[in-house]
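Presented below is the structure to which this report refers.
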């Protein structure tokens, strides 16, 4: 089984009070805005989105990354099925799959099972959201279906049994895992899109409400920058038809948010932790730098290879920015 869109995993994180990573070419996680400007309806929606965001950031991002490694490793290990195949000395280094576990210390699938249980609870929580609830319900059911198969695959590859049975059991496991793995990767895209859409709207609404009420503090400016960076990454995506004018629009929005955060931080040194804490400002500066670099290379008609490298650097920087922001909060 192969999933072309997993190519260069572009992860996006999210949370209802933090931001989310991006993965591959799918639209993923979202940033959360400032806590100011909330009302009771906002809080109810934020409470519902929280478990979805946590599952996306931790469990789903791990599944996407591990699926990428598994697909490539299964392709290489599958060569053992040919009795004429003579393994090359370095072949084992290309079988890089280790496990579908979310974390090395996970023993009883407690993280994945916790994700499924939390999604099931969130689906039943208000407010009713037909599309989000449907996706969450199907994702949780598919994850529960996959866990026992994942465990068998983990053991098979950790013991390198494909070297002894000519990939006989590996082939059978691949046939078994293919349908639900395809399903959960498709649901992952749908989940990230739906959660992202609702989360972005909620955070923008909160930022607007706080600004209207005159409550623009350093946390507001930091959150505003994060949301602008998120919009830029979402707009860039994996589009092959990027234009300089489009990138200039994103760049201008991000630059304005950066300059505003810098100006406020300079004028209010007692609040600086929200912007300067956790290396947020440093990583934000790098993000802006690499966004400009991508725009310049698009303008000069750089090769696809150069542009792909630009995207990877920008994505990696965005995810570091998200990590620093979430840690700071």
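Considering only segment 238-258, state which residues are free of Cβ contacts under 8 Å to residues at least 40 places away in the same chain and buried (at least 19 other Cβ atoms within 10 Å of the Cβ).
Going residue by residue through segment 238-258, those that are free of Cβ contacts under 8 Å to residues at least 40 places away in the same chain are 239-241, 245-246, 249, 252-258.
Answer for segment 238-258, where residues must be free of Cβ contacts under 8 Å to residues at least 40 places away in the same chain and buried (at least 19 other Cβ atoms within 10 Å of the Cβ): 254, 257, 258.
Can you pull out the residues in segment 204-237 that are assigned to a loop (DSSP other than H, G, I, E, B), in contact (Cβ under 8 Å) with a residue 40 or more places away in the chain and more than 30 Å from residue 310 (Cα to Cα)?
Step one: filter segment 204-237 for residues assigned to a loop (DSSP other than H, G, I, E, B), giving 213-217, 237.
This time we only want the ones that are in contact (Cβ under 8 Å) with a residue 40 or more places away in the chain, so: 213, 215-217, 237.
Within segment 204-237, 213, 215, 216, 217 meet the criteria.
Across segment 238-275, what is the number of residues that are over 24 Å from the mean Cα position of the chain (by Cα) and outside any loop (DSSP other than H, G, I, E, B)?
Initially, segment 238-275 is screened for residues over 24 Å from the mean Cα position of the chain (by Cα), giving 243-245, 248, 252, 256, 259-273.
Narrowing further to those that are outside any loop (DSSP other than H, G, I, E, B): 244-245, 248, 252, 256, 259-267, 269-271, 273.
Residues that pass the stated criteria total 18.
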Could you grab the pairs with beta carbons closer than 9 Å, sequence gap of 6+ or different chains, first residue in segment 80-103 and assigned to a loop (DSSP other than H, G, I, E, B), second one modelled with pLDDT of 85 or more and exposed (fewer than 11 other Cβ atoms within 10 Å of the Cβ)? 101/107
Kindly indicate whether residue 261 is more than 23 Å from residue 312 (Cβ to Cβ) and free of Cβ contacts under 8 Å to residues at least 12 places away in the same chain. no
With (1) in contact with a helix residue (DSSP H, G or I) (Cβ under 8 Å, 6 or more places away or on another chain); (2) more than 24 Å from residue 48 (Cβ to Cβ); (3) at pLDDT below 95 as the list, and residue 192 as the residue in question, which single condition is left unmet? (2)
Considering only segment 74-93, I want to know if a residue exists there that is closer than 16 Å to residue 184 by Cβ, assigned by TED's automatic domain parsing to the domain that holds residue 171 and modelled with pLDDT under 95. no
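What do you reckon, is residue 180 crowded, with 16+ Cβ neighbours inside 10 Å and either at negative phi or under 22 Å from the mean Cα position of the chain (by Cα) (or both)?
On the way: crowded, with 16+ Cβ neighbours inside 10 Å: yes; either at negative phi or under 22 Å from the mean Cα position of the chain (by Cα) (or both): yes.
Considered against the rule, which asks whether it is crowded, with 16+ Cβ neighbours inside 10 Å and either at negative phi or under 22 Å from the mean Cα position of the chain (by Cα) (or both), residue 180 comes out as yes.
The values are calculated or read from the model by the stated rules, or taken from the named source; none is laboratory data. As the structure is a prediction and not an experimental result, all values here were calculated from the model. Note that we place each Cβ from the backbone using ideal geometry, even for glycine, and neighbour counts take in every protein chain shown.
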